[in-house]
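The values are calculated or read from the model by the stated rules, or taken from the named source; none is laboratory data. This one's a predicted model, so the numbers in the text were calculated from it and none came from an experiment. Reconstructed Cβ throughout: ideal geometry from the backbone, glycine too, with neighbour counts over all protein chains shown. In case anyone asks, the SASA skips ligands and DNA or RNA and just uses the protein heavy atoms, side chains included. Shrake-Rupley method; radii C 1.70, N 1.55, O 1.52, S 1.80 Å.
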Amino acid sequence: MLVAAAVCPCPPLLVPELAAGAAPELAAARAACTDALGVLAAARPDRLVVVGPAEESGHGLSEEENGYGAYAEGARGSFRGFGVDIDVRLGRAGDGATTTESPRRPLPSSLAVAAWLLERTGWADAPIEGLAVGELLAAERCTDIGRDIAARAERVALLVMGDASACRTLKAPGYLDERAEPFDASVARALGKADVAALKSLDIELARDLKASGRAPWQVLAGAAEQAGLSGTLLYDDAPYGVGYLVATWS
């Protein structure tokens with residue numbers, strides 16, 4: 001049963017060393033993420049599942065290119081590809097094995113950011129596993145995965161990583177798209193109200209057009225929360241760099 005969830009953005013720039021002089025611009029987002037993880041800890045889960053978008057290439061996913069891939073506790077990631085010598089680990093030390101055919105593949109950047117957040121807050125409350133979901137994974141498959149996650153233990157918590165649109169300004173990674181702000185506003189409302197139906201109905205093609213990496217992870221959350229009766233709180237809603245970043249808790 002899902003007892004709590006935290007939704008956080010996943011830009012590597014959350015790591016201050018990567019942001020360098022721009023680090024203060026995401027200070028409020030980092031603080032909100034810390035508060036959100038506090039809600040997870042307070043729920044005293046038996047298991048924490050971290051869900052985030054897979055890499056764009058889809059490498060290492062267990063189904064076709066846009067399927068999903070699982071990571072066991074102890075799996076490692078790195079921000080060296082972003083020019084910073086920082087390594088992270090998902091939860092306690094383990095063998096780093098995964099449940100798919102590539103037992104030593106590194107965490108995708110979304111799960112590496114989650115691992116960094118968990119290390120930063122000193123998470124030690126429950127065993128952790130990770131799940132990376134592909135951009136094109138169908139909504140129905142996402143919700144099925146969420147239902148499966150919720151059934152894995154009596155008290156399950158979710159840390160859901162993902163960004164809203166990347167098209168809020170002319171300088172945004174996806175350039176300006178007038179559909180971006182209304183899309184982000186609808187997601188913010190759904191997350192703030194723990195509106196499972198609204199998350200399930202998110203348009204996969206529109207999300208892809210707007211480069212919203214959180215669509216599939218949010219729909220995994222929707223599946224996990226179907227029978228949970230949780231209430232939502234929106235902690236952060238802003239678009240620095242033209243990308244929508246949202247932080248919310250469900251409890």
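Annotations
- Within the range 185-220, the residues that satisfy the criterion of being in contact with an Asp or Glu (Cβ under 8 Å, 6 or more places away or on another chain) and among the hydrophobic types (A, V, I, L, M, F, W, C) are Ala188, Val196, Leu210, Ala212, Ala216.
Conditions tested, residue by residue: (1) among the basic types (Lys, Arg); (2) surrounded by 23 or more Cβ atoms within 10 Å (Cβ to Cβ).
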residue	(1), (2)
Lys200	yes, no
Asp203	no, no
Asp209	no, no
Ser213	no, yes
Gln219	no, yes
Ala222	no, yes
Gln227	no, no
Ser231	no, no
Pro240	no, no
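- Of the helices (runs of 4 or more DSSP H) lying entirely inside the range 190-251, those carrying at least 3 residues that are farther than 26 Å from Tyr175 by Cβ and more than 15 Å from the chain's Cα centre (by Cα) are 196-200.
- Checking each residue in the range 166-195 for being in contact with a Ser or Thr (Cβ under 7 Å, 6 or more places away or on another chain), open to solvent by less than 60 Å² (accessible area, probe 1.4 Å), aliphatic (A, V, I, L, M) and on the phi < 0 side of the Ramachandran plot picks out only Ala180.
- Apart from one condition, Ala20 fits all of (1) modelled with pLDDT under 95; (2) more than 21 Å from Val187 (Cα to Cα); (3) surrounded by 20 or more Cβ atoms within 10 Å (Cβ to Cβ); the exception is (3).
- Residue within the range 85-102 that is part of a loop (DSSP other than H, G, I, E, B), at pLDDT 90 or above, more than 18 Å from the chain's Cα centre (by Cα) and under 28 Å from Ala20 (Cα atoms) present: yes
- Selection status of Glu154, under 15 Å from the mean Cα position of the chain (by Cα), assigned to a loop (DSSP other than H, G, I, E, B) and of a type outside the set (Val, Ile, Thr): no
- Cβ-Cβ distances below 7 Å connect the following pairs, each with a first residue in the range 222-251 that is closer than 24 Å to Arg141 by Cα, a second residue that is charged (D, E, K, R) and surrounded by 18 or more Cβ atoms within 10 Å (Cβ to Cβ), and a separation of six or more residues or different chains: Ala222/Lys200; Leu246/Asp237.
- One residue stands out among those in the range 6-56 that are in a strand (DSSP E or B) and in contact with a helix residue (DSSP H, G or I) (Cβ under 6 Å, 6 or more places away or on another chain): the one that is farthest from Asp125 (Cα to Cα), which is Pro53.
- Among the candidates Leu221, Leu170, the residue that is closer than 21 Å to Ala6 by Cα and not basic (Lys, Arg) is uniquely Leu221.
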